[in-house]
Amino acid sequence: MLLTGGLKSLLPHVLRRVIRCNRLSISNTSGMAEGYKQANIVILHKSLADDFEKFCRANDGPLPLLYRSKPGDWQCPPLSSDSDIRTDCPQYRVYEHGACTGTLKSLKEYSEQLKDMVAFYLGCSFSFEKAVQNAGIPVRNVEQKCNVSMYKTAVPCYSISTFCCNLVVTMRPIPESKLEAAVLATSGLKEAHGAPIHMGDPGLLGIQDLSKPDYGDPVHLHPGDIPVFWACGVTGVEAVISCRAPLAFTHSPGCMFITDLKNDNVTTRSSREVPQVHCISQDPLHYSIVSAEAAQKIRNLETLIGIDPGDRGIIHLLREEELLKACLSISHARSVLVTTGFPTHFTYEPPEENDGPPGALAIAAVLQALEKEVAIVTDQRAMNLNKKIIEEAVQLGILKRPVTLLSYQRESADSALMFLCENGNPGRPRFDHLIAIERAGMAADGNYYNARKVNIKHLVDPIDELFLAAQTIPGVATTGVGDGGNELGMGKVKDAVKKHIKNGDVIACDVEADFTIVAGVSNWGGYAIACALYILSTCEIHDRYLRKAVGFPPLSKKTSWLSALPSVPK
């Protein structure tokens with residue numbers, strides 16, 4: 001018997017003949033006909049064909065359509081010179097009313113029924129395996145001589161008529177040092193699912209156990225490997241199940257149709273098309289993708305806001321790419337909590353300075369435009385002031401609608417957890433991201449100080465506790481924006497504050513945020529976050545990753561995003 005390893009170099013038409021003769025036991029076609037495109041197969045009654053094609057167009061990440069046959073046409077001339085879809089997959093599945101009723105090596109016994117059926121040939125990730133290997137990246141399932149792992153996710157596809165199902169993904173373990181190379185190697189291969197749709201913790205996709213794939217075989221991770229997920233054509237199988245057609249056929253997952261088409265050669269790409277990978281969370285592990293062009297624009301923003309008009313020495317506090325990583329994290333968030341308020345003018349009423357609230361409103365306005373939930377938490381004594389600010393912002397058109405305004409008081413040891421999570425359950429957080437902008441931060445001695453070392457603790461509610469509690473809740477990230485080192489979240493740079501900022505040894509905030517954005521004026525940091533979120537939302541590479549390559553790009557929403565950005569009149 002010819003082993004699978006010996007099939008790598010055979011030309012596609014020879015492989016199809018081998019499969020057609022049914023003389024080999026082939027469990028999957030991964031690694032075969034290297035450099036040639038393989039296809040998932042879905043065969044449906046002609047009455048369902050138009051809706052299924054629309055479903056593919058609406059979800060072209062998992063279902064890149066290579067070819068649609070005419071009813072009763074068993075060949076596919078654009079894909080192969082000599083083929084028969086009834087015999088040229090190693091194994092098929094039969095579905096009746098949404099249930100799999102059997103597997104077959106050939107569909108010839110259904111030739112009469114097939115005269116009224118249409119075959120869809122859909123791109124497959126096996127097609128990019130050679131490109132991944134050429135980039136110096138191991139393909140673990142090929143190494144382990146097994147099928148790729150495939151999982152059902154909790155991500156809904158864009159529904160069309162009776163086709164309504166969740167996304168299916170493949171998982172390939174990739175060494176952490178090779179993540180960006182893997183994204184680069186596959187992002188241009190649109191007909192083989194393109195770039196990954198998720199990198200990191202499988203739980204973020206609703207996958208509970210990598211050792212128990214829904215289709216295919218378990219693939220073992222090596223030390224240092226990261227699970228990387230691509231959209232998968234087996235989504236088409238789930239669509240067939242959902243439509244409950246009286247009769248339908250698919251390939252058996254992993255048993256693809258091999259075409260005569262070579263993989264596309266990816267040409268030189270502009271910075272708009274070159275992806276970059278950034279880690280945005282360790283717990284749960286989560287990486288995001290952005291174009292090189294968008295990343296550079298955000299770095300330029302970071303440079304602009306780092307100008308020090310007061311010559312206070314903030315250059316020593318600056319951390320590169322904190323704005324980029326913070327905004328990538330916020331972009332993935334569903335619900336954001338913002339806090340601001342620094343009562344530095346302690347002898348006045350109200351004692352707040354005007355740095356902070358405008359930046360907070362700028363962030364809130366863009367979050368609203370991006371259809372994220374947003375709330376503001378502030379001191380109890382400042383609730384009326386902030387209520388009036390929010391009302392006026394709505395009247396002026398800065399905000400689309402009022403922002404929920406909250407206050408926080410410590411009543412017990414678990415008050416912060418109860419505030420942040422439903423019933424205090426860390427598995428059910430109300431917010432995914434907390435942002436503090438020009439918010440008084442607690443120093444190492446437990447007090448709060450303005451820049452002149454005056455203790456203003458009596459004017460500050462312990463909102464720091466929310467940031468400390470967030471550190472214990474998986475999936476909740478924090479960002480601190482400041483311009484002097486005594487603001488909430490600046491604990492990440494407290495050593496530099498103590499060394500380089502006047503009175504830093506006393507005033508330095510001791511509470512860290514995951515991301516620390518340092519600006520010459522804190523409002524600038526808020527404006528930069530708003531602009532960076534707009535840049536990310538209009539970045540095609542990032543948008544595709546956010547929506548997991550299902551549905552359509554939100555082109556119609558760009559105008560509302562643009563109108564939400566901060567401006568001089570606002």
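The values are calculated or read from the model by the stated rules, or taken from the named source; none is laboratory data. Bear in mind that the values here come from a model prediction, so they are computed numbers and not experimental data. Note that each Cβ is placed from the backbone with ideal geometry, even for glycine, and that neighbours are counted across all protein chains shown. For accessibility, only protein heavy atoms count, side chains too; no ligands or nucleic acids. Shrake-Rupley method; radii C 1.70, N 1.55, O 1.52, S 1.80 Å.
Descriptive notes on the structure:
- Projected onto their three principal axes, the Cα atoms of segment 275-556 cover extents of 54, 40, 39 Å, largest first.
- Distance from the Cα centroid of segment 495-570 to that of segment 183-260 is 33 Å (rounded to whole angstrom).
- Enclosed volume per residue, in Å³, of the convex hull spanned by Cα atoms of the chain: 158
- Taking Cα centre as origin and charging only the Cβ of basic (Lys, Arg, +1) and acidic (Asp, Glu, -1) residues, the dipole magnitude of segment 430-507 rounds to 260 debye.
- Between residue 505 and residue 353, full extension at 0.36 nm per residue minus the direct alpha carbon distance yields a gain of 52.5 nm.
- For a straight C-alpha distance cut-off of 18 angstrom, the aspartates and glutamates reachable from residue 388 (same-chain residues fewer than eight places away being disregarded) are 349, 352, 353, 355, 379.
- Within the accessible area of segment 275-556 (1.4 Å probe), percent carbon and sulfur: 50
- Solvent-accessible area of residue 383 with every protein chain in place, 1.4 Å probe, in Å² to the nearest 10: 40
- Relative contact order (%) - segment 278-380, alpha-carbon pairs under 8 angstrom, separation at least six: 22
- DSSP bridge orientation in the chain - percent antiparallel, rounded to nearest 5: 70
- Potential lengthening between residue 104 and residue 279 on full extension [0.36 nm per residue; Cα-Cα distance subtracted]: 58.6 nm
- When only the Cβ of Lys, Arg, Asp and Glu is charged (+1, +1, -1, -1), the dipole of segment 275-556 relative to its Cα centre reaches about 340 debye.
- Cα-projected label distance for residue 387 with residue 73, points at 7 Å along beta-carbon direction, nm: 6.8
- Here the translational diffusion coefficient of segment 8-262 follows from Stokes-Einstein with Rh set to the Kirkwood radius across Cα pairs; for 25 °C and 0.890 mPa s it amounts to 136 µm²/s.
- Full extension of the chain between residue 413 and residue 210 yields a length gain of 69.4 nm, computed as 0.36 nm times the residue separation minus the alpha carbon distance.
- Sorting 418, 32 on solvent-accessible area from highest to lowest, probe radius 1.4 Å, gives 418, 32.
- Accessible area of segment 185-229 belonging to carbon and sulfur atoms, whole % at 1.4 Å probe: 51
- What the Kirkwood sum gives for segment 510-570 is a hydrodynamic radius of 13.7 Å, with every pair of different alpha carbons counted.
- Cβ-Cβ FRET estimate between residue 51 and residue 371, R0 fixed at 41 Å, reported to 0.05: 0.90
- Take the Cα of residue 472, step 7 Å toward its Cβ, do the same at residue 547, and the gap between the two points is 4.0 nm.
- With all protein chains modelled, accessible area of residue 353 [1.4 Å, Å²]: 40
- For segment 8-262, size of Cβ-based charge dipole, Lys and Arg +1, Asp and Glu -1, in debye: 520
- Expressed as a fraction of 2.2 N^0.38 Å, the value expected for a compact globular protein of N residues, the C-alpha radius of gyration of segment 346-445 is 1.17.
- Think of segment 275-556 as having a plus end and a minus end, set by charges on the Cβ of Lys, Arg, Asp and Glu; of 520, 363, 448, 363 sits farthest toward the positive end of this dipole.
- For segment 166-216, the alpha-carbon coordinates run over 29, 26, 19 Å along the three principal axes, in decreasing order.
- Charge dipole of segment 275-556 about the Cα centre (unit charges at C-beta), most positive-ward option of 289, 481, 550: 550
- Remark: segment 88-156 is approximated by an ellipsoid whose semi-axes, taken from the C-alpha gyration tensor as √(5λ), come to 31, 16, 13 Å, largest first.
- Counting only protein heavy atoms and using a 1.4 Å probe, the accessible area of residue 204 comes to about 90 Å².
- Here the contact order of the chain, divided by its residue count and restricted to Cα pairs under 8 Å and six or more residues apart, works out to 15 percent.
- For segment 449-570, a Kirkwood hydrodynamic radius built from all Cα pairs, placed in the Stokes-Einstein relation at 25 °C and 0.890 mPa s, yields a translational diffusion coefficient of 146 µm²/s.
- Within the chain, helix-based [θ] at 222 nm, where runs of 4 or more DSSP H residues each add -39,500 (n - 2.57), nearest 500: -8000 deg cm²/dmol
- Most to least accessible of 121, 110, 158 (protein chains only, probe 1.4 Å): 158, 110, 121
- Over the chain, accessible surface divided per residue gives 41 Å², non-protein components excluded, 1.4 Å probe.
- Looking at segment 21-95, the pairs of alpha carbons with a distance over 15 Å make up 65% of the total.
- For segment 310-349 versus segment 81-144, the gap between their alpha-carbon centres in whole angstrom: 52
- A 1.4 Å probe over all protein chains sorts 27, 412 by accessible area into 27, 412, starting with the largest.
- Entries of 297/570; 387/502; 325/494 with Cα pairs more than 25 Å apart: 387/502
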